[in-house]
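The values are calculated or read from the model by the stated rules, or taken from the named source; none is laboratory data. Keep in mind that what you see is a predicted model, and the values were worked out from it rather than measured. Methodologically, a virtual Cβ is constructed for each residue, glycine included, from the backbone with ideal geometry; neighbour enumeration extends over all protein chains shown.
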Amino acid sequence: MSADAEGWQSLPPRARTLFLLTDAAGWGLLAVPAIILAGVLLERPLPAMPVALAALVALPAWGIWMALRRFRYARWLIDGTGLGYRRGRMWQVETRVPRTRVQHVDLKRGPLERHFGLATLVVHTAGTRDRAVAVAGLDAEDASRLRDTLARQIDQDDDDHAAG
C-alpha cells in the first residue's frame, strides 16, 4: 500500500485478487444465460457454438478488465476533516465525508474478504444523498483503524456539542 503526495492511499495488492475473483465470477455467470439464449435462439449449432464460446470468454474477460481498473483507480484518505474516497478513471468520482456528518461506522467482512485479510468500511452519514459510503478492499487492520478514528471523531464532536 502506498500514499501519493496528497496522502491518498491505494488498496493493498490482495484486494486486486479479490476484485478479480468476484468480478470474473460475476460476469462469468452472465455467460450461462447468454449460452442458453444462443442455443435457443440460434437453431443451427454452427452459429450457436461460436456465439456461446464468445460469451464464455468475453464476459469473464470483461470482468477481469473491470476488476483491474476498479483496483487501480481506488484511493482513500483520512484527515482532520473526515474520509475521502476516489475511484474511476474515465468517470472519476471523489466522495468526501466530513467528520461532522458521520453517524456511525461499520466493518463488513465476507468469507473471501476474511480469507484475504480485507474488509469493507461502511460510513453512514447524516443526510439523504450518499447516506452510506462503502470502501471495499481495505486491509482489515487499516479498516479497523479507520473505523476507530472516525468513531473517536464522532465522540469528540458529541462531547464538544454537549459542552457548548
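Among the residues of region 139-147, is any at pLDDT 70 or above and assigned to a strand (DSSP E or B)? There is at least one residue in region 139-147 that is at pLDDT 70 or above and assigned to a strand (DSSP E or B). Kindly indicate whether any position in region 101-121 is outside any loop (DSSP other than H, G, I, E, B), touching a Phe, Trp or Tyr at 6+ places or on another chain (Cβ under 9 Å) and surrounded by fewer than 19 Cβ atoms within 10 Å (Cβ to Cβ). Taking every residue of region 101-121 in turn, none turns out to be outside any loop (DSSP other than H, G, I, E, B), touching a Phe, Trp or Tyr at 6+ places or on another chain (Cβ under 9 Å) and surrounded by fewer than 19 Cβ atoms within 10 Å (Cβ to Cβ).
Would you point out which residue out of ALA52, ALA31 is more than 26 Å from GLU141 (Cβ to Cβ) and free of Cβ contacts under 8 Å to residues at least 24 places away in the same chain? Give the steps one after another, and end with the answer.
Details: ALA31 fails: free of Cβ contacts under 8 Å to residues at least 24 places away in the same chain.
It is ALA52.
Of all the numbered requirements in (1) under 20 Å from GLN9 (Cα atoms); (2) at pLDDT below 95; (3) touching a helix residue (DSSP H, G or I) at 6+ places or on another chain (Cβ under 7 Å), THR100 misses one, and that requirement is (1). From the residues in region 1-56 that are modelled with pLDDT under 85 and touching a Ser or Thr at 6+ places or on another chain (Cβ under 7 Å), which one is surrounded by the most Cβ atoms within 10 Å (Cβ to Cβ)? Applying the filter and picking the extreme gives MET1.
Going by the structure shown, is MET49 in a helix (DSSP H, G or I) and either in contact with an Asp or Glu (Cβ under 8 Å, 6 or more places away or on another chain) or under 19 Å from PRO12 (Cβ atoms) (or both)? Write out each step before concluding.
On the way: in a helix (DSSP H, G or I): yes; either in contact with an Asp or Glu (Cβ under 8 Å, 6 or more places away or on another chain) or under 19 Å from PRO12 (Cβ atoms) (or both): no.
Taking the combined requirement at face value, the residue does not satisfy it.
All of (1) under 15 Å from ALA136 (Cβ atoms); (2) of a type in the set (A, V, I, L, M); (3) not in a helix (DSSP H, G or I) hold for MET66 with one exception: (3).
Take the conditions (1) modelled with pLDDT of 95 or more; (2) charged (D, E, K, R); (3) surrounded by fewer than 16 Cβ atoms within 10 Å (Cβ to Cβ); ARG75 misses just one of them, which is (3).
Could you go through region 86-97 and let me know if any residue there is over 27 Å from LEU21 (Cβ atoms), modelled with pLDDT under 90 and surrounded by fewer than 13 Cβ atoms within 10 Å (Cβ to Cβ). Within region 86-97, not a single residue is over 27 Å from LEU21 (Cβ atoms), modelled with pLDDT under 90 and surrounded by fewer than 13 Cβ atoms within 10 Å (Cβ to Cβ).
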